[in-house]
């Protein structure tokens, strides 16, 4: 479709040239370049949005890029990056935002946009560096504090992150987004009661926000207030019937209530409406694994691993199933790729040790179990198993 639009535009230029050579003494009125360019940009933006609605991510990406190239308007760039983030293309979003950031180093809008793209891709270190820059420019910038808090949370610096999020709320107490970010951080560390209070505060300031209803429903579920939880999740779906997160949290609620068929249906809707959320695919795989529906579990875990960013726990669960089925080659490729992506993640070394132990490659098996012990937390339940494996393998060498 993009090529067709460009061809039509070219045909218009040729027609204007022919008329100008027609031999008349009257001046020929031609469209002003700025107006033609504006029309093209509008056509390309319309095409990008149509492609996005149709699910053609590559087509929409191409059209957005072409629309931005015409006038280099920040609003177009911002819409492009936001689309890529929500389409599950954080790496591409980072690349697009980075170009503007590097060419406009002092533009606060570009810095914030690049930070959002990095946060969407779980790039904690890089996001922290950018948000440090934002805070240094204005220590009372609530948006900068909120983004910096989220970056710290990605690096598991939970208390520092929560302190930044509290600062954002103090600066702008009526901002529902900041209350939701703080509530989510508190929920992460198990402070569910305080998290619920933050989500209620968010709803006070944004009563029709589906996300606020979803998050409060999640917190209420974890407070074991299951009936009230269901009310808020249902309200979120009334407000937004295609809300994948609402279906995901509802699926977990139904699973807790022992309603497995309904939970499976809800998680199926979650991945349908939010196909780029690796966490949702992981949970969908768990439903199948617990029912011993191995093929379906494998497919769901594979999707969770292939998405960007992949869900870390899915890697371990997929590896376990592959090892149990003696699909050692696929398991080895999966785990080596995961280790290259995140060399500090202990789980990959544990299961790669299992692969090598089962295939009688004792030396690399021992090395991977030892690497697991080096990286795993002191309370990791698999530490004792890894030690036993090492002792047994050393006797076999």
Checklist entry - Can you name the residue in the stretch 122-133 that is in contact with a helix residue (DSSP H, G or I) (Cβ under 6 Å, 6 or more places away or on another chain) and surrounded by 20 or more Cβ atoms within 10 Å (Cβ to Cβ) and, of all such residues, is nearest to residue 167 (Cα to Cα)? => result 131
Next on the checklist: Show me the helices (runs of 4 or more DSSP H) found entirely inside the stretch 161-246 where at least 1 residues are free of Cβ contacts under 8 Å to residues at least 12 places away in the same chain and buried (at least 24 other Cβ atoms within 10 Å of the Cβ).
Outcome noted: none
Checklist entry - If you check 239, 252, 279, 226, which single one turns out to be within 22 Å of residue 195 (Cβ to Cβ) and touching a helix residue (DSSP H, G or I) at 6+ places or on another chain (Cβ under 6 Å)? => result 239
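Please tell me if residue 313 is over 27 Å from residue 391 (Cβ atoms) and touching a residue at least 12 places away in the same chain (Cβ under 8 Å). Let's see the steps before the verdict.
Details: over 27 Å from residue 391 (Cβ atoms): yes; touching a residue at least 12 places away in the same chain (Cβ under 8 Å): yes.
Here the answer is yes, as residue 313 does meet what is asked.
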Item to check | Odd one out for residue 91 among (1) touching a helix residue (DSSP H, G or I) at 6+ places or on another chain (Cβ under 6 Å); (2) surrounded by fewer than 16 Cβ atoms within 10 Å (Cβ to Cβ); (3) modelled with pLDDT under 95 | outcome: (1)
Next on the checklist: Among the residues that make up the stretch 142-153, is at least one of them closer than 18 Å to residue 92 by Cα, under 19 Å from the mean Cα position of the chain (by Cα), part of a helix (DSSP H, G or I) and free of Cβ contacts under 8 Å to residues at least 60 places away in the same chain?
Outcome noted: no
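Can you report the number of residues in the stretch 58-72 which are in contact with a helix residue (DSSP H, G or I) (Cβ under 8 Å, 6 or more places away or on another chain) and surrounded by fewer than 21 Cβ atoms within 10 Å (Cβ to Cβ)?
So the count comes out to 6.
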Next on the checklist: Please count how many residues of the stretch 336-365 are farther than 22 Å from residue 325 by Cβ and crowded, with 22+ Cβ neighbours inside 10 Å.
Outcome noted: 0
Checklist entry - Is the stretch 309-326 home to any residue that is assigned to a loop (DSSP other than H, G, I, E, B) and touching a helix residue (DSSP H, G or I) at 6+ places or on another chain (Cβ under 6 Å)? => result yes
Next on the checklist: Tell me yes or no: at least one residue of the stretch 347-363 is within 26 Å of the chain's Cα centre (by Cα), at pLDDT below 95 and part of a loop (DSSP other than H, G, I, E, B).
Outcome noted: no
Checklist outcome for this item: Pairs returned, first residue in the stretch 318-347 that is at positive phi and in contact (Cβ under 8 Å) with a residue 12 or more places away in the chain, second residue that is assigned to a helix (DSSP H, G or I) and loosely packed, with under 15 Cβ neighbours inside 10 Å, beta-carbon separation under 9 angstrom, 6 or more apart or interchain, are 326/358
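Test residue 374 against the criterion of being out of contact with any strand residue (DSSP E or B) (no Cβ under 9 Å at 6 or more places or on another chain) and not in a helix (DSSP H, G or I), and give yes or no. Full working, then the answer.
Values: out of contact with any strand residue (DSSP E or B) (no Cβ under 9 Å at 6 or more places or on another chain): yes; not in a helix (DSSP H, G or I): no.
Answer is no for this residue.
The values are calculated or read from the model by the stated rules, or taken from the named source; none is laboratory data. Here the structure is a predicted model, which is why all the values come from computation and not from measurement. Here the Cβ is made from the backbone with ideal geometry for all residues, glycine too, and neighbour counts use every protein chain on show.
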